[in-house]
Every structure is written in structure tokens, then in C-alpha cells.
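Down below is the structure, laid out as C-alpha cells.
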Amino acid sequence: MANKTIKIEILRYRPEQEDKPSPQLFEVPYSPDLTILEALQYIKDHLDSTISFRWSCRMAICGSCGLMVDGVPKLGCKTFLRDYFPNKIKLEALANFPIERDLVVVMDDFINKLEEIKPYIIPEDNTKCLSDGPHQQTPEKLAKYKQYSMCINCGLCYAACPQYALDTKFTGPAALALLARYNRDSRDAGSKQRMKIVNQEEGVWGCTFVGYCSVVCPKGVDPAAAIQLLKVESSKDYLIGMFKPD
Amino acid sequence: MSKRKPYQREVSSKWWLAQAFYSKYMLREGSSIFITLYSLILGWGVFRLSQGEAAFNAWMESLQHPSAIIFHFIALLFAIYHSFTWFSLAPKAMDIWLKGKPLEDKLIVSGHYIAFIIVSVFCLVVIL
């Protein structure tokens, strides 16, 4: 029992010494309670200190340790070796993002998209004074957007999205789900500004409803639903615009 | 000096074979080809009807050909597959709230099936 091991193949990329990624095989001690992230830490501590990967919280909150496990986007901290043992596990940097080094990707495009959709509450012009107290919200109003606010920006949904793979101009699942989160918030009055982003070809209409984004989300967010509902809003916006151009 | 050299992976033209989920998606979307062809054949029938009884009967005759029957059978399978996948996705595109709670997914899905059965039975009754 104590001597059981599991093989882990990691697609490595060291930009200073190679032009393209190549796989490297490691063998780590197996235990059913070990996560992929812990296996990576074992490799770094005991087998090869040059291996690079991102992590922080170890509890599916920081969204740092996203990677492809046997071709499926997963959080390293939330994926257990026992679900693959005794087979070999193949690890690769998150798909659809450029590889910076080993399992680390360049997320700049994703971060820019999150910023683009105005991810903050835009109050009405006649906004109330701070001394008037907080904006009140009923549990029912909270429920309208709460699910979409659970996103941890791990990028798994982008790695799962074939549309983003084919054209990175597509705003993408997490950013659009976050957009829905603010548009659906009763305290927000910025829908009109955000609809300009939604209505674009690169906005919701870049989505063909593959739906894999919602399957891989580790936090139970449903970006596919957010996008389809925004398509309905976008169509309404278009129809209203035909009769009431502004 | 920076040694940064981000590596952009190519998207394989076989990406949709990499995951069963993607393959099913492609089948769902690919069903539109068969449904388009079916619609064109049906449209052609309407056109032949406008040319008189003989022309319409010739069109009806051509549908008896084994290849036409095989095509229609395949088109039917794809149409059923498309409908079922679409019904299961329907709750994602519907935002119905009753008494402060979102309507349960299974109610939306079963609503679609009930409507599907009613329309199908109605069409069959009208035809027969």
C-alpha cells in the first residue's frame, strides 16, 4: 500500500531553452487523498524544482491552479489522484491560452475582457448620498444574480470554449457571466452601457451554445445560461432599437 | 533581458473529436444540414404542386425511391436528436420566476415535451 505510485506526464515548456513544449514523465507516491496540486508540489519539492505552476489557496477559491487534466479543464486543488489511479495522468497548461512556462499561461486577454465589461455597480445619475445608508436588496433580488457572482476567474470556461479557441476576439463565458451578474443586480443602472458589448458579434453572438463552459465550471456558475439569456436581451434591445432609436 | 516567449498552441481541425461532449455538439449542429435538405425537398414538393397534379405525383413517386426513404429516415433521426438536445438545453435560455423562485428545470423540459407531443398528435390527426 505504502509503495503505490502514479505516473504523471506534464507538458513542459521552457522558453529559454526550447521552441515548443514537450512531455516529461514523473512518478509520484500515490495516496487516495492527494490532489493534482499536491502531486505537483511533491514533484517540485522532490523530483524537479524547475517545474512551474500557479497556486495559492488550495481550496478552490483563488482560481490560480487551473490546468488540463487528461484534456479536461480542472482546478488542480479540486481534482484527486484517486479518480485517475492506476492510469497515467496527463497534465497540460490551460487550453486556448498561450503558455508562458510549463503549466503557467498568459491570462492577459482574459483579464482585459473582465475589465471591459464594466464589472462594478453603475448607480443611477441621481445617486443617493452616502449618509442615506446602503442600497437595500431583498433575498429575491439577490437570487437573480447570485449564481453569476460566484465566479473565481480561474479561466476553465475559456479553456473549454471552442469558440474562444477559434477566435479570441469572443468576449467569452466568464466575462459575459460577470456582465450578466451586474446587469441583473437591482442596484445597478449600467445595463444600457453594457448592452453595447453584449450586442457585438464578439459579444453574445460569438457563442454557439456548445455549453461545455457550464460543465467544467468548478463553482457551479452557468455561463452558458447567462449568455443565452443575454441573447434574449440583445434581441429585445435590437427590436426596441428599430422602433425607438436613441 | 526578458526570455519571455509565450507559446501559442495550434487548434487542431479535429478538436471536436477530442471530447465526446464536443462530438455530440457537432452532431447537434450538423443535424441542420439534414434538416435543411429535408426542407428543400419539401419546398420542391410545394413548387411541383403549383405545376399541376402530374408534376406533384411525379414528386411523390420520387420519394418512394429507396435512397429517398433512407435519407428521410436519417433526417428524422437527426431531427429527433436535435429536438431532444434542444429541450434539455431549454432551461438555460428561459428565465421564469414564480413567487420569487426560478421555475425548476425539469418543469421547463417536460413542458417542451408535452407541447411536442400535443403538436405531433395534432399534425397526425390532421394528416390522417
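None of the figures in this text is laboratory data; all of them are computed from the coordinates on show. What you are looking at is a predicted structure, and each value in this text was computed from that prediction instead of being measured. So basically every Cβ, Gly included, is an ideal-geometry build from the backbone, and we count neighbours across all protein chains shown.
Key figures for this structure:
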{"read-out": "Average beta carbon contacts from partner chains per residue of A:10-19, 10 Å cutoff", "value": "2"}
{"read-out": "Separation in nanometres of the label points that stand 7 Å from Cα toward Cβ, at residue A:27 and residue A:116", "value": "4.8"}
{"read-out": "HN-Hα J in Hz across the range A:83-97 - Karplus 6.51, -1.76, 1.60, θ = phi - 60°, x for Gly and Pro", "value": "7, 10, 4, x, 6, 6, 10, 9, 10, 8, 4, 3, 5, 6, 10"}
{"read-out": "Burial order of peptide ranges A:209-217, A:84-92 (average beta-carbon count within 10 Å, highest first)", "value": "A:209-217, A:84-92"}
{"read-out": "Radius of gyration and Dmax over the Cα atoms of chain B, both given in Å", "value": "22.4, 82"}
{"read-out": "Angle in degrees between helix A:173-183 and the longest Cα principal axis of chain A, rounded to the nearest 10", "value": "30"}
{"read-out": "Per-residue mean of C-beta atoms belonging to partner chains within 10 Å, peptide B:5-15", "value": "6"}
{"read-out": "Nearby aspartates and glutamates by direct alpha-carbon distance to residue A:74 (threshold 18 angstrom, same-chain neighbours under 8 apart not counted)", "value": "A:9, A:33, A:38, A:83, A:92, A:102, A:222"}
{"read-out": "Listed residue pairs exceeding 32 Å between alpha carbons, taken from A:20/A:196; A:7/A:169; A:90/B:3; A:78/A:113; A:44/B:14", "value": "A:20/A:196; A:7/A:169; A:44/B:14"}
{"read-out": "For A:222-228, mean number of other protein chain Cβ atoms within 10 Å", "value": "3"}
{"read-out": "For chain B: relative contact order, % (alpha-carbon pairs under 8 angstrom, 6 or more apart)", "value": "19"}
{"read-out": "Qualifying trypsin sites (Lys or Arg not before Pro) in the range B:38-128, DSSP loop, other Cβ atoms within 10 Å at most 10", "value": "B:99"}
{"read-out": "FRET efficiency for residue A:7 and residue B:27, using Cβ-Cβ distance with R0 set to 45 Å, rounded to 0.05", "value": "0.85"}
